[in-house]
Amino acid sequence: MTPEKITILGGGSWGATLGSQLSLNGHRVSLWEFVPEVAKKLKEERILKTLPNFRLDKDVRVSNDMSEVLKEADIVFCVVPSHTVRATFASKAAQKYLNRGALVVIATKGIETDSDKRMSEIVRESCPNVGDIVILSGPSHAEEVSEGKPVVLVAASTSTAAAHRVRDMFNAEQFRVYVSDDPTGVELGGSLKNVYALACGIADGLSLGDNIKAALISRGLIEMTRLGVSLGAQTFTFFGLSGLGDLIVTSNSRHSRNRHLGELIGKGSTLREALAQMTMVAEGVNTTKSGYQLSQIHKIDTPIINEMYQVLFEDKSPNASLRDLMARNVRTEEMEGLVI
C-alpha cells in the first residue's frame with residue numbers, strides 16, 4: 001500500500017484516534033486542532049484529557065495552523081463538530097490551501113440545523129473544487145478504538161475507487177472497513193441514530209428498564225429508515241453498520257454522549273442544565289431539530305422524533321411524551337413507507 005498524505009481537521013477524541021491509527025498504518029498524518037492550548041498540549045505531551053488511556057502516535061504532526069497542514073494533503077478528514085463544518089471549510093485557509101481534487105473523508109455525524117443539509121452537502125457547497133467525498137461511519141466510540149479494541153466501520157461514496165481507497169488505508173488486525181455505494185443512507189444513519197440514543201437515555205434516567213429501550217431502538221430503526229428513504233437513501237443501509245449497528249451502541253454504551261445527555265434529562269435536568277454538565281458535544285440535540293424539520297417538510301410520520309423535539313425545545317415532560325407514545329392508536333406492526 002502506498003503511504004498517503006493525510007490531514008485530519010479536528011483534534012478531538014475521534015480525530016486523534018483516527019490520526020493515530022492512520023499513522024501506525026504507515027501514512028503521513030497531520031492533525032489540526034482549533035484551540036491553541038489543546039493543540040500545544042497534544043503536540044508536546046501526546047495526550048487528551050477525554051482519552052486517559054490514549055497516546056497520540058509520535059509521528060503525527062500537530063498544528064493550530066490550518067493552512068500549514070492543508071498545503072500538501074491529498075486526503076482531508078472532516079472530524080470537527082457538525083455546527084462548525086461550514087465555517088471550517090468556508091475559511092480562508094481551506095479556500096486557499098485545500099488542494100483541488102483532494103479526497104474528503106467525512107467522519108462528522110450530524111445535520112446542519114439552519115439548512116437541514118448533510119455534512120457532505122455543506123463541504124461540497126463550501127469547496128466546490130474538492131474531489132470525491134467518502135462518508136466514514138459506524139459503531140465507533142473513540143474510548144474503545146483508541147485502546148486498540150476491534151472496530152468495524154463502513155466507507156460510503158458514489159465513487160467505488162474512493163471508498164476502496166479509504167478502506168485500504170485503514171484496514172488492520174483490529175480495524176476493519178466495509179464499503180457502500182449509499183453515502184446518503186450512511187450519513188443519515190450516523191446522524192439520526194443520535195435522536196433515538198437521547199430517547200433511550202431518557203428512559204434510563206426514568207429507570208424504565210430494558211424493554212422500553214428495545215422498543216425505542218426497533219421502532220426508531222423503522223422510523224429513521226422511513227425518513228432516510230424519503231431523502232433518497234437505500235432501505236437496507238439502515239440495517240447495517242451505520243444504521244442499526246451505530247444505533248445499538250449509541251443507545252446503550254456508557255461512552256455515549258447522547259445517551260448520557262438523555263439520562264440527565266430523564267433524571268430531571270432541563271436541556272440547558274444537562275448541556276452545562278457535558279464536556280463534549282452531543283450531536284443529537286441539533287439533529288433532533290433537523291430531523292423534525294425534515295419530517296415535517298417531507299410529511300413523514302416520525303412519532304419518536306416528534307416527541308423528542310417537544311421534550312428538548314418545547315418543555316414537554318419526558319413522562320408526558322412517554323404516555324403519548326404509549327397511547328398512540330394500536331395497529332399492526334407494519335414497515336410503513338419502506339421500500340423493500
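The values are calculated or read from the model by the stated rules, or taken from the named source; none is laboratory data. Just so you know, these numbers come straight off a predicted model, no measurement behind them. Every residue, glycine among them, receives a Cβ derived from its backbone with ideal geometry; neighbour counts consider all protein chains shown.
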- line: Within the range 219-254, of all residues that are in a helix (DSSP H, G or I) and hydroxyl-bearing (Ser, Thr, Tyr), the one farthest from Gly284 (Cα to Cα) is Thr235
message: Tell me whether the range 111-125 contains one or more residues that are in contact with a His (Cβ under 8 Å, 6 or more places away or on another chain) and under 23 Å from Ser191 (Cβ atoms).
response: yes
query: Are any residues in the range 88-121 within 18 Å of Glu33 (Cα to Cα), within 18 Å of the chain's Cα centre (by Cα) and aliphatic (A, V, I, L, M), and if so, which ones?
result: Val104, Val105, Ile106, Ala107
statement: Taking the range 94-115 and keeping only residues that are touching a helix residue (DSSP H, G or I) at 6+ places or on another chain (Cβ under 6 Å) and surrounded by fewer than 17 Cβ atoms within 10 Å (Cβ to Cβ), one is left with Thr113
query: strands (runs of 3 or more DSSP E) wholly in the range 133-188 with at least 3 residues that are surrounded by 15 or more Cβ atoms within 10 Å (Cβ to Cβ) and in contact with a Ser or Thr (Cβ under 8 Å, 6 or more places away or on another chain) - which ones?
result: 133-137, 151-156
task: Scan Leu198, Leu208, Leu192, Leu216 and give me the residue that is within 30 Å of Arg331 (Cα to Cα), assigned to a loop (DSSP other than H, G, I, E, B), out of contact with any strand residue (DSSP E or B) (no Cβ under 7 Å at 6 or more places or on another chain) and hydrophobic (A, V, I, L, M, F, W, C).
output: Leu208
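Tell me the residue from Thr108, Thr113 that is at pLDDT 95 or above, part of a loop (DSSP other than H, G, I, E, B) and either touching a strand residue (DSSP E or B) at 6+ places or on another chain (Cβ under 7 Å) or within 17 Å of Asn286 (Cα to Cα) (or both), please. I'd like the intermediate steps shown before the answer.
On the way: Thr113 fails: at pLDDT 95 or above.
Answer to the selection: Thr108.
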statement: The correct count of residues that are over 20 Å from Thr108 (Cα atoms), without any contact (Cβ under 8 Å) to a residue 60 or more places away in the chain and acidic (Asp, Glu) in the range 153-207 is 1
